[in-house]
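To keep things clear, I will list the structure first and then write my remarks on it.
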Amino acid sequence: MNTLKEIADLLKRQKSVLIFTHMRPDGDTLGSAVALSHALDALGIANEVLNEAPIPAKYNYLAGVEKIKMQPTLAAQACVCVDTSDYTRVGLLQNEYLMRSKKAVTVNIDHHISNTRYAQYNFVRERASNCENIAELITELGVPYDRKIANALLTGMITDSGAFSHADVNGDTFRAAALCADAGAQVQLITYETYKKQSRARAEFYIEVLQKLRFEVEEKLAVVLVTQEQLKRYGLRTDATEGIVDFGLNVDTVEISVCLLEMKAGQYKVSLRSQGKANVNEIAKAYGGGGHVLASGCMLFGDVEEIVDKLSYATRQQLDL
């Protein structure tokens, strides 16, 4: 594995950089990318942030998010993937990444245990958020934080740590967050925009979905189902489901919480969360996915009841029941 100093030295030699974020972008991949983009701006290095789709409106408060492109316009010398465990996670941009990688140097900066070390330069360290890794990279680049960088970094730290509530949060997490706060990060703005602010339609959608929350495996597994019909009826996109999987963990008997998001008939995006006793990365890996010990995802196909049976069996194995 490379060091952040090696990667910083490499980036400082480039004239142009493309920054790739993962599909269905969250606060950590966007915070990582936007913060790095601002740092490269400060060094006079041309750069673009890329994502396969429009960015969720909840992140519009981030300075620079409006510049994110769905297709690159730079003939960049380097391609950097952030918070992305495998290059296929960039979604519709993976062919663009592969084509660019034939001539450009590739860099992978991530915090997922399932990372495949797919780039020429790889820095993968398990942390509560990838923004903690990017924060150290920016320090190695010699760029001081301003409010734009601090807001972006703290967005990733807050959202990927569940507002500093997950088991992988440690002293380093808080020390990194403190540096952002010292640089003017707007904690109240970030927490309101990412956790509290929502439309009436989304609130009513949540109520309907959570009314049908079901429990399996002696109430140790919580399962919530979201259908395309529900999203269409409330006029919502799939990003409106972000965070809904975490609700099940609030039930005192639950060890694993799952959200089944219908992508199309017979295909479900599965988000898994663990209270700590179960390694949901192992469950996701068994079905071609991955992520973290406490938070992972995969894609499953078939009837909902068949999928629930598979997840129930996996839960029993993880909990030795």
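You will find that of LYS232, LYS269, LYS277, the residue that is basic (Lys, Arg) and crowded, with 16+ Cβ neighbours inside 10 Å is LYS269 and no other.
Of all residues in segment 1-48, which are in a helix (DSSP H, G or I) and of a type in the set (Gly, Ala, Ser)?
Of all residues in segment 1-48, those in a helix (DSSP H, G or I) come to 4-12, 27-42.
Answer for segment 1-48, where residues must be in a helix (DSSP H, G or I) and of a type in the set (Gly, Ala, Ser): ALA8, GLY27, GLY31, SER32, ALA33, ALA35, SER37, ALA39, ALA42.
Identify, please: which residue in segment 112-160 is small (Gly, Ala, Ser) and open to solvent by 10 Å² or more (accessible area, probe 1.4 Å) and is, among those, nearest to GLY289 (Cα to Cα)?
SER114
Scanning segment 176-215 for residues that are over 24 Å from GLU136 (Cα atoms), open to solvent by less than 50 Å² (accessible area, probe 1.4 Å) and free of Cβ contacts under 8 Å to residues at least 40 places away in the same chain returns ALA201, ARG202, ALA203, PHE205, TYR206, GLU208, VAL209, LEU210, LEU213.
For segment 256-266: of the residues being assigned to a strand (DSSP E or B) and open to solvent by 20 Å² or more (accessible area, probe 1.4 Å), which is farthest from VAL226 (Cα to Cα)? Working first, answer last.
Within segment 256-266, the subset assigned to a strand (DSSP E or B) is 256-264.
Still in the list and also open to solvent by 20 Å² or more (accessible area, probe 1.4 Å): 262-264.
Details: GLU262: 6, MET263: 9, LYS264: 11 Å.
Across segment 256-266, the extreme among qualifying residues is LYS264.
Checked against the criterion of being over 18 Å from SER32 (Cα atoms), in a loop (DSSP other than H, G, I, E, B) and out of contact with any helix residue (DSSP H, G or I) (no Cβ under 8 Å at 6 or more places or on another chain), segment 96-103 contains one or more residues that satisfy it.
Would you check if ALA176 is within 19 Å of the chain's Cα centre (by Cα) and at pLDDT below 95? Break it down into steps so the answer makes sense when it comes.
Working: within 19 Å of the chain's Cα centre (by Cα): yes; at pLDDT below 95: no.
The answer is no for ALA176.
Just one residue in the set TYR87, TYR97 is closer than 25 Å to MET157 by Cβ and at pLDDT 95 or above; that residue is TYR87.
Considering segment 26-44, the residues that are out of contact with any Leu (no Cβ under 7 Å at 6 or more places or on another chain) and open to solvent by 10 Å² or more (accessible area, probe 1.4 Å) include one that is nearest to VAL90 (Cα to Cα), namely ASP26. Restricting segment 1-24 to residues that are closer than 17 Å to GLU52 by Cβ and modelled with pLDDT under 95, which is surrounded by the most Cβ atoms within 10 Å (Cβ to Cβ)? Among those that are closer than 17 Å to GLU52 by Cβ and modelled with pLDDT under 95, it is ARG24.
Say whether the condition of being open to solvent by less than 50 Å² (accessible area, probe 1.4 Å), within 14 Å of ALA314 (Cα to Cα) and either within 16 Å of the chain's Cα centre (by Cα) or of a type outside the set (Asp, Glu) (or both) is met by at least one residue in segment 244-251. First the steps, then the outcome.
First pass over segment 244-251, keeping only residues open to solvent by less than 50 Å² (accessible area, probe 1.4 Å): 244-245, 248-249, 251.
So of that shortlist, the ones also within 14 Å of ALA314 (Cα to Cα) come out as none.
No, the conditions are met nowhere in segment 244-251.
For segment 166-175, filtering for residues that are open to solvent by 80 Å² or more (accessible area, probe 1.4 Å) and not hydrophobic (A, V, I, L, M, F, W, C) leaves 1.
The values are calculated or read from the model by the stated rules, or taken from the named source; none is laboratory data. All values reported here derive from a predicted model rather than from experimental measurement. When we count neighbours, we look across all protein chains shown, and the Cβ atoms used for this are built from the backbone with ideal geometry, even at glycine. To get the accessible areas, we keep the full protein, side chains included, count just its heavy atoms, and leave off ligands, DNA and RNA. Shrake-Rupley method; radii C 1.70, N 1.55, O 1.52, S 1.80 Å.
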